[in-house]
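Visitor: Quick one: structure below, then a few questions.
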Amino acid sequence: MNDATRVVRAAMPETGQGRPLMAGPVFAAPYRAVGDPADVPYTYGRFHNPTWTAFEQALAELEGGSALVFASGMAATTAVLGAVLSPGDVLVMPTDSYYTARVLADGHYRGLDVEVRKTPTAAAPDARLLEGARLLWLETPSNPGLDVCDVRRWCELARAAGTLVAVDNTTATPLGQRPLALGAHFSVSSDTKALTGHSDLILGHVATRDAEWLEALRTWRTRMGAIAGPMEVWLALRSLVTLDVRLERQCANALGVASWLAARPDVQGVRYPGLPGDSSHRLASAQMTRYGPVVSFTLASREAAERFLARAELVTEATSFGGVHTSAERRARWGGDDVSGGFIRMSVGCEALEDLLVDLEQALEGG
């Protein structure tokens, strides 16, 4: 079955005569539960919810493993780190992974006597880094630099070392890359981004093929209360139906924008894994089916980047990425990432490509 069909049908439950094609959200704290709670499918809203179940079943179809929804991408990240790591363990992660994940590792987990080893995303897989390691955390393509790592090779080395592997798959989504099929134990995503794609939700999920780890993550979610509201999850389920359609347009637009930018002398360092000339293209093509909606590039200075963003009419200056509306930001304004003052991360949306290019040209020419 093609992804376009799978993603539509995965979010659509079996229905009977006279019933809606998609049920609405279920709002409940307690459920009627007589007798042994183990015999009742739903008992209390912090443990489970039918709307969660529907979304998780749809995600499982796309990920190739069981899935759990969390209140945010960082809640999903924290669940994996919290369920896996103990004092004295070793965590290996990219130097250029998502900033807040690095802050969590360097702050909270170092404080719990977890050793944190780091290597750049683009560095060759190195078995020496995994000696004695409990968890390898990968992010590919990286945010915001868009470097790509060899997930399959890292997983082979990790398996030999007895190390678990988690992959932050936010930028690619399950329609662009399937970490579990490449050998990872956990696929983690901020569903705030392209997976739901309308810039109106905060949500995340973790997928795994291991039943014991699934229960450990479920227990973590229940005890920590890292749960999503049923309305948000229902909106995510509804948004999931259009993921293939949105990504098809966004990825085509992203490639068109990246190609156009790469031909301009006033733009430097254009990165997009789908560009044939990109340093990550060959590896990305071997493990990805789509290259995502994010393009990065660098202008001459902070001032040039700010003028560009101020002049652009079809590019909203905002953080985050993956929405149907094109957005961008001068990423250095936040700190924490090794990027220059003129570095821009752009999330390409679903507008007509020709309109985007006209707007980008006038914004750059005016700068």
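Visitor: What tally of residues in the stretch 152-174 results from selecting those that are of a type in the set (Asp, Glu) and free of Cβ contacts under 8 Å to residues at least 12 places away in the same chain?
Guide: Count: 0.
Visitor: Next question. List every residue pair whose Cβ atoms sit under 8 Å apart, with the two residues 6 or more apart in sequence or on different chains, where the first one lies in the stretch 35-51 and is closer than 25 Å to MET231 by Cβ and assigned by TED's automatic domain parsing to the domain that holds GLU232 and the second, anywhere, is of a type in the set (S, T, N, Q) and assigned to a helix (DSSP H, G or I).
Guide: That search, which allows pairs on different chains as well, returns ARG46/THR222; PHE47/THR222.
Visitor: All but one of (1) among the polar types (S, T, N, Q); (2) within 17 Å of the chain's Cα centre (by Cα); (3) in a helix (DSSP H, G or I) hold for THR53; state the number of the condition that does not hold.
Guide: (2)
Visitor: Then there is this: Taking the conditions exactly as written (touching a Gly at 6+ places or on another chain (Cβ under 8 Å), among the aliphatic types (A, V, I, L, M), modelled with pLDDT of 95 or more and surrounded by 24 or more Cβ atoms within 10 Å (Cβ to Cβ)), does LEU180 satisfy them or not?
Guide: no
Visitor: Within the stretch 294-303, does at least one residue satisfy the condition of being under 27 Å from GLY366 (Cβ atoms) and in a helix (DSSP H, G or I)?
Guide: yes
Visitor: Output the residue which, of all residues in the stretch 304-338 that are in contact with a Gly (Cβ under 7 Å, 6 or more places away or on another chain) and part of a loop (DSSP other than H, G, I, E, B), is surrounded by the most Cβ atoms within 10 Å (Cβ to Cβ).
Guide: Looking at residues that are in contact with a Gly (Cβ under 7 Å, 6 or more places away or on another chain) and part of a loop (DSSP other than H, G, I, E, B), I get GLY322.
Visitor: Determine which member of the set ALA211, ALA254, ALA262, ALA207 is at pLDDT 95 or above, among the aliphatic types (A, V, I, L, M), buried (at least 17 other Cβ atoms within 10 Å of the Cβ) and over 19 Å from the mean Cα position of the chain (by Cα).
Guide: Unique residue meeting the criteria: ALA262.
The values are calculated or read from the model by the stated rules, or taken from the named source; none is laboratory data. In this text, all values refer to a predicted model and were calculated from it rather than measured experimentally. Glycine gets a Cβ as well: all are built from the backbone with ideal geometry, and neighbour counts include every protein chain shown.
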